[in-house]
Amino acid sequence: MALAAASGIVGVLWWASRPYTAYQTEAVARGDVEATVTAIGSLQPRRYVDVGAQVSGQITRLLVAPGTTVEKGALLVEIDPSVQRATVDAGRASLAGLRAQLAEQQAQHRLAQQQWERQQQMAREGATREEDVQSAQAQLAGAAARIEHLKAQIEQTQATLKADEARLGYTRIYAPMAGTVVTVEAREGQTLNATYQTPNILRIADLTAMTVWTDVSEADVRRVKPGMPVYFTTLGSAGQDKPRRWSGEVRQVLPAPSASVAPAGNAANAPAAATKAVAYTVLFDVDNLDAELMPQMTAQVVFVAERAPQALTVPLVALQPDAKGDGQVVRVLNARGQPESRAVQTGVRSRHQVAVLQGLEEGEQVVTGETTSAGGLRWLQW
């Protein structure tokens with residue numbers, strides 16, 4: 001009995017000292033698999049307008065502040081109209097003076113017409129000289145020319161007056177669209193100089209629809225197409241249990257990069273090396289009727305290139321090339337707990353999962369890794 005017990009102990013020790021392999025597995029399960037392109041973007045209002053001043057002067061009234069909601073045509077800013085009003089008054093006075101001159105010249109024209117007709121009558125009777133007839137005709141023509149000249153001056157003055165009246169109207173600035181005032185760059189009492197360029201006063205934006213301006217790297221931009229589904233989350237929702245997603249479709253991929261490539265050397269004909277990554281701008285729109293999104297927010301954007309809903313999925317690390325190198329296999333644990341290779345047909349891949357079209361059943365255990373351990377560890381586990 002002692003010999004049998006000793007033999008049994010020796011057998012157990014021998015078994016426990018043998019190396020063994022432990023397999024890490026994961027069950028085949030159903031889930032959504034997406035082939036995606038990730039990027040970072042920023043939110044901007046889809047429709048906005050910068051409101052500027054077309055005349056110089058001091059701001060006497062600023063009727064809005066950031067966050068103010070305005071309707072189209074609402075009065076926003078008043079600029080001191082003193083200079084513009086004086087110019088309009090001078091133009092109107094000048095126009096009145098020209099009209100008075102025109103009336104006087106028309107009277108002179110009538111007189112010249114009568115004198116010429118009288119000279120013609122006297123010439124038929126032989127009671128005047130030819131020189132006097134010609135002088136009367138010249139005076140009539142001169143009076144008619146002066147009338148045309150005054151009419152041209154009146155038209156020119158009217159055009160100038162119309163421009164001056166328009167500039168006077170520009171001293172009152174109205175909202176060109178309905179929306180929300182998002183920025184105000186001027187203050188009441190500030191003097192604006194619109195001589196060389198139009199100074200911006202404020203920006204009005206329609207915050208009910210936003211555009212996401214997304215920077216996509218040059219390595220991924222060819223995978224992004226107009227009409228492709230896309231969704232994003234904001235940094236503010238990153239800590240929530242279930243972050244809110246906003247969805248849309250790609251509207252446009254801008255052809256020019258948003259970051260330029262700078263040359264690294266000074267050689268005349270040497271190829272320039274890139275000193276910064278090149279990214280292309282991709283635009284898509286989302287509704288913002290509940291005003292959850294704000295301008296300049298950072299968006300974590302995901303473009304969905306392909307999608308397989310509720311497909312059989314396995315971890316990407318479980319795939320291995322087959323012996324021929326033109327297919328793929330996974331190792332599946334059999335009823336004895338030993339792995340066996342099985343050919344599979346795969347579909348859409350994400351960064352961590354792959355959809356399996358053929359070769360596996362739901363619930364089967366696929367090998368994702370293995371660890372070979374010494375017998376001492378087995379003895380401890382046993």
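The values are calculated or read from the model by the stated rules, or taken from the named source; none is laboratory data. All values derive from a computational prediction rather than experimental measurement. Because the Cβ atoms are built from the backbone with ideal geometry, glycine has one as well, and the counts that use them run over all protein chains shown.
Here are a few things to note about the model shown:
- Condition check for residue 163: free of Cβ contacts under 8 Å to residues at least 24 places away in the same chain and assigned to a helix (DSSP H, G or I): yes
- The criterion of at least 2 residues that are closer than 30 Å to residue 48 by Cβ is met, among strands (runs of 3 or more DSSP E) falling completely within the stretch 281-382, by 298-315.
- Residues satisfying the stated conditions in the stretch 307-332, i.e. polar (S, T, N, Q) and on the phi < 0 side of the Ramachandran plot: 313, 320, 328
- Test: residue in the stretch 321-341 that is within 41 Å of the chain's Cα centre (by Cα) and among the aliphatic types (A, V, I, L, M): no
- Test: residue 296 is among the polar types (S, T, N, Q) and closer than 20 Å to residue 25 by Cα: no
- Residue 312 farther than 16 Å from residue 24 by Cβ and not assigned by TED's automatic domain parsing to the domain that holds residue 250: yes
- Subset of the stretch 342-367 that is exposed (fewer than 12 other Cβ atoms within 10 Å of the Cβ) and under 46 Å from the mean Cα position of the chain (by Cα) - its residue that is farthest from residue 303 (Cα to Cα): 362
- Contact map, the stretch 77-106: first residue under 15 Å from residue 168 (Cβ atoms) and touching a residue at least 24 places away in the same chain (Cβ under 8 Å), second residue in a loop (DSSP other than H, G, I, E, B) and hydroxyl-bearing (Ser, Thr, Tyr), Cβ cut-off under 6 Å, separation 6 or more or different chains; pairs are 79/171; 81/171; 84/171.
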